[in-house]
Amino acid sequence: MRLVEGPFVELETSTGPMRTYVYRPSESAETFPGVVLYSEIFQRTGPIHRMAQILAGHGLVVAVPEIFHELEVPGTVLAYDTEGADRGNHHKVHKTISAYDSDTRATLDHLLTLPHCSGKLGAMGVCIGGHLAFRAALQPDVGATACLYATDLHKGSLGLGGDDSLARARDIRGELLMSWGRQDPHVPSEGRALIRDRLVDAGCTFTWHEHDAQHAFMRDEGPRYDPALALLHYGMVMELFRRRLIGTQPT
């Protein structure tokens, strides 16, 4: 399926304009589910750009917001190094949860305005983006969400003053895909157990996947990338989105 990557848009949020990149299939006569893709703390890097292309190439309209738009110059991409990680980790706890949620609502609402969006909505994210995708699932119109090695979810430490993400798990109406690497130091086994138990207690509909993998196993740069596991996950994610947002099984 051929792709169209349109020009970025500047969406209005409670904390100012947010640069957002939109990818979609080029078949103009069809409509497709809209999915918010949340990046790592480094914003729209090469791996995130390619991830968005893969999702759009499988029949989705994908919006990638700059998650630190009020803290960085528009278009900023942080490097995959110590300085970039330190800067991103600083930002993630110096932004309020209400600002993160405002960004999510603005992105979802923008997807709904697009003529190529069917009106069905989903979310996906990696690292901090996995946590932001989980919070997107709290929105009543999000029908399917993939959270890959979501950081800080078990600690409630996202944002200025912390977050209530797990405490609000009962608000989730769609289906979750939760995936983790057992060698991920950011989410230890006791943290994963806490998250899973909370989802069970809340009566959430979800699938749970643990793998012998490290943090960032989806990132197609660097030594932690696991191509075979990444391919497996793209298949699982698209099965979820097809089933919950399109209503068909993959052929």
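Miscellaneous remarks
- Residue check, VAL73 part of a strand (DSSP E or B) and hydrophobic (A, V, I, L, M, F, W, C): no
- Out of GLU30, GLU40, GLU66, one residue alone is over 23 Å from GLU221 (Cα atoms), of a type in the set (Asp, Glu) and in contact (Cβ under 8 Å) with a residue 40 or more places away in the chain. It is GLU30.
- Residue match in the stretch 22-45 (condition: at pLDDT below 95, in a strand (DSSP E or B), buried (at least 17 other Cβ atoms within 10 Å of the Cβ) and in contact with a Leu (Cβ under 9 Å, 6 or more places away or on another chain)): yes
- Residues being crowded, with 17+ Cβ neighbours inside 10 Å and farther than 18 Å from PHE134 by Cβ - total across the stretch 177-213: 2
- Residue match in the stretch 178-194 (condition: more than 15 Å from PHE241 (Cβ to Cβ), in a loop (DSSP other than H, G, I, E, B), of a type in the set (Ser, Thr, Tyr) and at pLDDT 95 or above): no
- Search result, residues across the stretch 167-176 that are surrounded by fewer than 16 Cβ atoms within 10 Å (Cβ to Cβ) and not in a loop (DSSP other than H, G, I, E, B): ALA167, ARG168, ARG170, ASP171
- Which listed residue is closer than 21 Å to GLY235 by Cα, in a loop (DSSP other than H, G, I, E, B) and in contact (Cβ under 8 Å) with a residue 12 or more places away in the chain, from ALA144, ALA79, ALA133, ALA150: ALA150
- For the stretch 199-251, the set of residues classified as within 23 Å of SER165 (Cα to Cα), part of a helix (DSSP H, G or I) and among the aromatic types (Phe, Trp, Tyr) consists of PHE241 only.
- Hits in the stretch 88-104 (condition: assigned to a helix (DSSP H, G or I) and either in contact (Cβ under 8 Å) with a residue 12 or more places away in the chain or crowded, with 19+ Cβ neighbours inside 10 Å (or both)): GLY88, ASN89, HIS91, LYS92, ILE97, SER98, ALA99, TYR100, ASP101, SER102, ASP103, THR104
- Residue check, LEU160 of a type in the set (A, V, I, L, M), farther than 22 Å from LEU37 by Cβ, assigned to a loop (DSSP other than H, G, I, E, B) and touching a His at 6+ places or on another chain (Cβ under 9 Å): yes
- Filter result for VAL4 (of a type in the set (Val, Ile, Thr) and within 21 Å of ARG105 (Cα to Cα)): no
- Criterion (aliphatic (A, V, I, L, M) and surrounded by 15 or more Cβ atoms within 10 Å (Cβ to Cβ)) met by exactly one of LEU160, LEU229: LEU229
The values are calculated or read from the model by the stated rules, or taken from the named source; none is laboratory data. As the structure is a prediction and not an experimental result, all values here were calculated from the model. When we count neighbours, we look across all protein chains shown, and the Cβ atoms used for this are built from the backbone with ideal geometry, even at glycine.
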